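A short write-up of the structure that comes next.
The values are calculated or read from the model by the stated rules, or taken from the named source; none is laboratory data. Since we're looking at a predicted model, the values are computed, not measured. In this analysis, Cβ positions are derived from the backbone assuming ideal geometry, glycine residues included, and neighbour counts consider all displayed protein chains.
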Ligand code: NAI
Ligand code: MG
């Protein structure tokens, strides 16, 4: 198949991991006879430096026309002055809004070799295999804001339509997995959460084969640490999801391992590792490329419909996790390039 893929390397280790992802996509294209074209565009701090805009018009146009978007990471100390007129993260928010990607999907799987690095005891992390779906374009982050000298407000607003579409995404995904959805809210206090819960219950009636449970966000924060293996698909609103996914990310043993996808818009999905630009290790070939490579597997599966190819990439990463020399964050001393090479070799062997 033909596909046009926009690559947004961004800042810090972003370009290092993005090029690892592109190398894997090129290899897959060659093995399976696909025609992928790659176009690089600026985002974040890099785009501010070159164009004075964290999401320049050329990047916007390319994203709107793409079949899929692979992103590295944005941000860094160079652009972190809170009084600066523009900030790298604005590029990310603007892109999500532009593409209408309302469902941020983050799978969390614990590989036995990484489990040893998890802050949780091995018996707690055994069998963890869950997916977070965070609503990404509504809620308090996008609500009206006011500020006077002695008070400030942030409005939290959700429409039935916004809740329905992300809820259907969660139930559709659960159907392909262990058929359980945990909907997280604060329905004992918040009106938006009571609406969230009632929509979840109504949508669940369309999925009699999927079990729905409701969980309050504060107890979810606890259960994520005490019984993470009990969850399958967890769906929640924007701010709760922001906090819970950061909590969940440390369970995997390294930030460098976890992929993400932002989906649901009319056009391209956005695929990126969950980590940031890691300025402390940028340019040193220490960055773990596996989170980006697993994001590439999600890109193949969700945007291009190539599930055999996606399985091939995931199996190759599993193989390297099992047998390979890994980067420093996972206790090895391999470079970004060497780990990428090992994945490419494993993809070839498995194709
Ligand atoms: P970070 O994720 O960049 O780094 C946290 C720690 O994890 C650092 O010690 C880093 O070296 C390590 N780490 C991260 N990714 C790694 C990888 N692939 N391999 C090995 N080690 C890795 O988070 P931090 O330091 O809080 O933020 C740095 C910058 O990144 C900030 O400007 C922040 O705003 C931005 N950021 C951007 C995100 C994005 O582009 N989606 C997400 C999170 C943060
Ligand atoms: Mg966050």
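Descriptive notes on the structure:
- Among all residues of the stretch 20-33, there is at least one that is in the same structural domain as residue 307 (by TED's automatic domain parsing) and not in a helix (DSSP H, G or I).
- Any hit, the stretch 154-161, residues being part of a strand (DSSP E or B) and free of Cβ contacts under 8 Å to residues at least 24 places away in the same chain: yes
- Only a single criterion out of (1) surrounded by fewer than 21 Cβ atoms within 10 Å (Cβ to Cβ); (2) farther than 20 Å from residue 265 by Cβ is not satisfied by residue 181, namely (1).
- Restricting attention to the stretch 243-267, the residues being more than 24 Å from residue 204 (Cα to Cα), within 13 Å of the chain's Cα centre (by Cα) and in contact (Cβ under 8 Å) with a residue 24 or more places away in the chain number 8.
- Strands (runs of 3 or more DSSP E) within the stretch 35-133 that include 1 or more residues closer than 26 Å to residue 183 by Cα: 103-109
- Qualifying positions in the stretch 275-297 - within 16 Å of ligand 2 (Cβ to nearest atom) and either closer than 16 Å to residue 330 by Cα or surrounded by fewer than 24 Cβ atoms within 10 Å (Cβ to Cβ) (or both): 275, 276, 278, 291
- Residues in the stretch 77-92 that are within 16 Å of ligand 2 (Cβ to nearest atom) and in contact (Cβ under 8 Å) with a residue 12 or more places away in the chain: 87, 88, 89, 90, 91, 92.
- Any helices (runs of 4 or more DSSP H) falling wholly within the stretch 285-350 and containing at least 3 residues that are within 18 Å of the chain's Cα centre (by Cα) and modelled with pLDDT of 95 or more: 290-302, 307-323
- Inside the stretch 57-93, residues that are within 13 Å of ligand 1 (Cβ to nearest atom) and under 21 Å from residue 25 (Cα atoms) make up a count of 5.
- Whichever residue in the stretch 109-135 is within 16 Å of ligand 1 (Cβ to nearest atom) and modelled with pLDDT under 95 and, among such residues, is nearest to residue 66 (Cα to Cα): 111
- Residue in the stretch 260-270 that is touching a helix residue (DSSP H, G or I) at 6+ places or on another chain (Cβ under 7 Å), within 10 Å of ligand 1 (Cβ to nearest atom), at pLDDT 95 or above and closer than 13 Å to residue 16 by Cβ present: no
- Under the condition of being surrounded by fewer than 22 Cβ atoms within 10 Å (Cβ to Cβ) and within 16 Å of ligand 1 (Cβ to nearest atom), the residues counted in the stretch 208-247 number 7.
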